[in-house]
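The values are calculated or read from the model by the stated rules, or taken from the named source; none is laboratory data. All figures in this text were calculated on a predicted structure; none of them were measured in a lab. So basically every Cβ, Gly included, is an ideal-geometry build from the backbone, and we count neighbours across all protein chains shown. Note: areas computed on protein heavy atoms with side chains; ligands, DNA, RNA excluded. Shrake-Rupley method; radii C 1.70, N 1.55, O 1.52, S 1.80 Å.
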Amino acid sequence: MKWIGLFILLFSIASCTTYSERDLVSFDDQIKEYLDSTGLEMERTEDGLYYAIVEEGEGEEFIGYKDQVTFYYKGSFLTGNSFQVISKNDPLSFKVSQLIIGWQDALMMLKKGGSIHIIIPPQLGYADQSSSIIPANTILEYELTVLDVH
């Protein structure tokens, strides 16, 4: 199941994709429709990441770009279908800088022990890259919890 880790590292390739303003508005509209239909309440960053901090975490230091984080998550499509579940008993560990931009932004809002619910538009995720489980240009939803920070 940890093969998704390799896919996460593709952020450098995916981040090279550029979208038209029309595409960006379309992604944002899809997320807003989803939020309206589910009743979820989230904030939006300037670059388009939607988030709800469930628990900020403990301590004084927020996670930094160069930090190594150990975390678990559930990844879903906006249809509600789950595409990946990493359990608390078998977490992943990566440097924040190795992750897709949407995860970087979300993690740096947290401290050790924090959790966040995020919706990542394609321009902050895998863009036009696809895998056997995630199609290109897909909006993704994650529930992510940080176990440790180094």
Tally up the carbon and sulfur contribution to the accessible surface of region 21-149 as a whole percent, 1.4 Å probe, everything protein left in place.
44
What distance in nm separates the simple spin-label points at Lys66 and Asn89, each placed 7 Å from Cα in the Cβ direction?
3.7
Of the trypsin sites (Lys or Arg not before Pro) in region 59-150, which ones lie in a loop per DSSP and count no more than 15 other C-beta atoms within 10 Å?
Lys66, Lys88
At 1.4 Å probe size, with every protein chain present, just tell me what the per residue accessible area of the chain comes to in Å².
52
Provide the convex hull volume over Cα atoms per residue for region 10-114, in Å³.
125
Using alpha-carbon coordinates, inclination of helix 21-38 to the longest axis of the chain, degrees:
70
FRET E, pair Glu55, Glu21, Förster distance 35 Å, beta-carbon r, rounded to 0.05:
0.50
Work out the count of Lys pairs in region 23-150 where the Cα-Cα distance is under 27 Å, with the pair 8 or more places apart or on different chains.
14
Within the chain, which is the longest segment that contains none of the chymotrypsin sites (Phe, Trp or Tyr not before Pro) sitting in a DSSP loop with at most 14 other Cβ atoms within 10 Å?
66-150
Taking the Cα centre as origin and putting +1 on Lys and Arg beta-carbons and -1 on Asp and Glu beta-carbons, what dipole magnitude results for the chain, to the nearest 20 debye?
600
Residue among Gln98, Gln30, Gln123 with the largest mean-square fluctuation in a Gaussian network model of the chain, springs linking Cα atoms under 10 Å:
Gln30
